[in-house]
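Engineer: There's a structure below that I have some questions on.
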Amino acid sequence: MEWTQYLFMRNAFLAIILVTPIFALLGTMVVNNRMAFFSDSLGHSAFTGIALGVIMGLRDPLISMIAFAGIVSISFCIIKKLTRFSPDTIIGVFSATSIALGVVILSRGGGFSKYSSFLIGDILSITSLEIIALSFVLLAVLVYWFLFFNNLFLVSVNTVLAKSRGIKVLMTEIIFVLLIAVIVMVSIQWIGILVINALLILPAAAARNLAMNMQTYNLLAVTISLLAGIIGLILSYYWGTAAGATIVLCNATFFLASLLPELRPLLNTTRT
Amino acid sequence: MKCFKIEKLSVETNRNVILRDINLHIHNGEITALVGPNGAGKSTFFKALIGDIPYKGKFIYHNSLMPHRKPKIGYVPQKMEIDSSSPISVLDLLSASVTKIPVWVTHTKKVKLSVYKFLSIVKAEHLAEKRLGDLSGGELQRVLLALALNPLPDLLLLDEPFSAVDQTNLEGFYSLVENLVREYDFAAIIVSHDLFLAAKYARTMIFLNHSIQSVGTPEQVFADEKFCQTFPQGIRAEV
């Protein structure tokens, strides 16, 4: 195949194989915990993270992005535990503030266009070193998924129930959101702020429509995420489109297809 | 000899006092019913005993055979934060609460056996492969009871749901809990919304409204003046 001749495409392909299962696995619990809005606003907090990096004179703002997203995530867990505000309201405030702050800092003197690549992302820019780093992130997520999944799962079902089984609820939640913060921030340069949340939400949402238990849920989410990632990457090559957004469209197609079994009874009723 | 002692237990938020000076003895082998109006602090009381929220005062477990063992608490929540489309099977939920082996990888034979054993105690083994969202209110309650029983608790805290269970099922549920409490000799506190059933199955009743208003046999509590003011409809009231 033509696209396999290029090193940047082969690297991008490897990156997709590493990164899509991470998003799919974490996404299953993001959807179970109804945190879609949280992960969306976490992506937006990258604006402020980048801006802080610029102010501190960092050449690569990744450190400041991860640090800021980490602070946002931990604050979210603690505020959710301590206050009676609906999490939606807290997240809305966080999200709007971090976008505005980032844009204000980055647009000083009309220089925002320099950073617009973060909006759409560029997976073809990934280097071999970054791919090695990604495989370590995948390994870390898998280890976490083996050791702590049951705890995380019980916390998502009912926090008091989890507590009654001796689970450290707040710590479990904090580690989970920190993992999301790291993977989202690391991947934003390749996927883009605008669509990154879809990689977390769509595979899990599609898998949810088909799965009967946690095993099929995780398996389907990873499969859908991988397939959509590979198909999306290849299509983006031939169409000359942004890879991140094309992958998201593929995921969306899987999601629509996953609705078909549920729609069938409706169609049958209208026919009769 | 085993029993629970609660001494001067209070829960405060920065704005108000939710529970004030709760002093209680909870005995093994019998059901204690906890009743009170909405917002009386019943769920908060459970959260404090579980350790989910900070409290002042003491919660002491006396066990003459094993004096230093921490009590195991089984908890049946009133509601679950899951929607009907959740891909969570009964087996997933019950396995995850007894083993570290991730339920997305496999359910080992040993774990399955233990889960089925406790499901059969609550007559729900046929529900193991079903999704939580497909269960009726009564079935979900039985499944949650099976979860709370494994491992066998020293204290069972049961937050009964509002009207999710029909009357025949609810009576069956109370009688099931009564049998379990006697057979396995543990203590149980039920937040009850059905005063009639609470009176029939509980030996002790606590009437709570931020502080203990009245405690004794159901007959004693029903005769209490404060109780009659709060529930003028008498024991047929849904509370």
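Bear in mind these aren't lab numbers, they're just calculated from the coordinates by the rules spelled out. Values in this document were obtained by computation on a predicted structure and should not be read as measured data. Cβ sites come from the backbone with ideal geometry, for glycine too, and all protein chains shown count toward neighbours.
Engineer: Using the crude model of +1 on Lys and Arg Cβ and -1 on Asp and Glu Cβ, and no other charge, please compute the dipole size for segment A:2-271 relative to its Cα centre, in debye to 20.
Structural biologist: In debye, rounded to 20, segment A:2-271 gives about 660.
Engineer: Can you give the angle from 0 to 90° between the axis of helix B:109-121 and the longest principal axis of chain B, with both taken from C-alpha atoms, to the nearest 10?
Structural biologist: Relative to chain B, helix B:109-121 is tipped by roughly 40 degrees.
Engineer: Follow-up question, since we're still on this one. Please identify the trypsin sites (Lys or Arg not before Pro) of segment A:44-113 that satisfy two criteria: DSSP loop assignment and at most 13 other Cβ atoms within 10 Å. Which are they?
Structural biologist: Taking segment A:44-113 and a limit of 13 other Cβ atoms within 10 Å, the loop trypsin sites (Lys or Arg not before Pro) found are A:Arg59, A:Arg84.
Engineer: Something else: Do you know the Lys pair count in segment A:2-271 for C-alpha distances under 25 Å, with sequence separation 8 or more or different chains?
Structural biologist: 4
Engineer: So, one more: Which of the listed residues, B:Ser97, B:Ile73, B:Pro87, is farthest toward the dipole's positive end in segment B:1-104, when Lys, Arg count +1 and Asp, Glu count -1 at the beta-carbon?
Structural biologist: Highest projection toward the positive end goes to B:Ile73.
Engineer: May I ask you to list, by number, the DSSP H helices of chain A whose Cα span along the axis is at least 20 Å and whose average Kyte-Doolittle hydropathy reaches -0.5 or more?
Structural biologist: A:7-32, A:62-82, A:87-106, A:128-147, A:169-191, A:196-210, A:214-239, A:243-271
Engineer: Hey, rough spin-label estimate for A:Phe136 and A:Trp3, points 7 angstrom out along Cα→Cβ, what's it come to in nanometres?
Structural biologist: Calculated label separation equals 2.9 nm.
Engineer: Per-residue ellipticity at 222 nm for chain B, helices alone: DSSP H runs ≥ 4 residues times -39500 (n - 2.57), over residue total, nearest 500 deg cm²/dmol?
Structural biologist: For chain B, the value works out to -9500 deg cm²/dmol.
Engineer: Could you list the trypsin sites (Lys or Arg not before Pro) in segment A:146-214 that lie in coil according to DSSP, counting only those with at most 15 other Cβ atoms within 10 Å of their Cβ?
Structural biologist: For trypsin sites (Lys or Arg not before Pro) across segment A:146-214 that sit outside H, G, I, E and B with at most 15 neighbouring Cβ atoms in 10 Å, the list reads A:Lys168.
Engineer: Return the distance in nm (one decimal) between the two label points of a simple spin-label model at A:Met212 and B:Lys8, each offset 7 Å from Cα along Cα→Cβ.
Structural biologist: Those two pseudo-labels are separated by 5.7 nm.
Engineer: Using R₀ = 60 Å, calculate the FRET efficiency as 1/(1 + (r/R₀)^6) where r is the Cβ-Cβ separation of B:His68 and B:Lys226; round to 0.05.
Structural biologist: 0.95
Engineer: Something else about it: What value, in deg cm²/dmol to 500, does the helix sum -39500 (n - 2.57) over DSSP H runs of n ≥ 4 give at 222 nm once divided by the residues of chain A?
Structural biologist: Counting only the DSSP helices, I get -27000 deg cm²/dmol.
Engineer: Within a 10 angstrom radius of the beta carbon, how do A:Leu210, A:Leu202, B:Leu195 rank from fewest other beta carbons to most?
Structural biologist: A:Leu210, B:Leu195, A:Leu202
Engineer: To make sure I understand the rule: partners must be aspartates and glutamates, Cα under 12 Å from the Cα of B:Lys79, and not fewer than 8 residues away in the same chain. Which ones qualify?
Structural biologist: B:Asp159, B:Glu160
Engineer: Let me ask something additional. For chain B, what is the relative contact order in percent, using Cα pairs closer than 8 Å and at least 6 residues apart in sequence?
Structural biologist: Answer for chain B is 28 percent.
Engineer: Moving to a separate point now. Can you work out the FRET efficiency for the pair A:Val143 and A:Arg34, with r the C-beta to C-beta distance and R0 = 25 Å, to the nearest 0.05?
Structural biologist: 0.45
Engineer: At 7 Å along the Cα-to-beta-carbon direction for both A:Met171 and A:Ile55, put a label point, then send me their distance in nm to one decimal.
Structural biologist: Spacing of the two 7 Å Cα→Cβ label points: 3.3 nm.
Engineer: While we're here: What is the Cα centroid distance between segment A:110-144 and segment B:58-85, reported in whole angstrom?
Structural biologist: For segment A:110-144 versus segment B:58-85, the Cα centre distance is 45 Å.
Engineer: Kindly state, to the nearest 0.05, the FRET efficiency for A:Ile74 paired with B:Glu219, given R0 = 41 Å and r defined as their beta-carbon distance.
Structural biologist: 0.20
Engineer: Please give the contour-minus-distance gain from A:Asn268 to A:Val103: 0.36 nm per residue of separation, less the Cα-Cα distance, rounded to one decimal in nm.
Structural biologist: Between A:Asn268 and A:Val103, full extension yields an extra 54.3 nm.
Engineer: Also, I was wondering about something else. Whole Å is fine, so just give me how far the alpha carbon centre of segment B:202-229 lies from that of segment A:48-104.
Structural biologist: The two parts, judged by their Cα centres, are 50 Å apart.
Engineer: Going by C-beta contacts inside 10 Å, put A:His44, B:His27, B:His126 in order with the fewest on the left.
Structural biologist: B:His126, B:His27, A:His44
Engineer: Can you give the angle from 0 to 90° between the axis of helix B:167-184 and the longest principal axis of chain B, with both taken from C-alpha atoms, to the nearest 10?
Structural biologist: Tilt relative to chain B: about 90 degrees.
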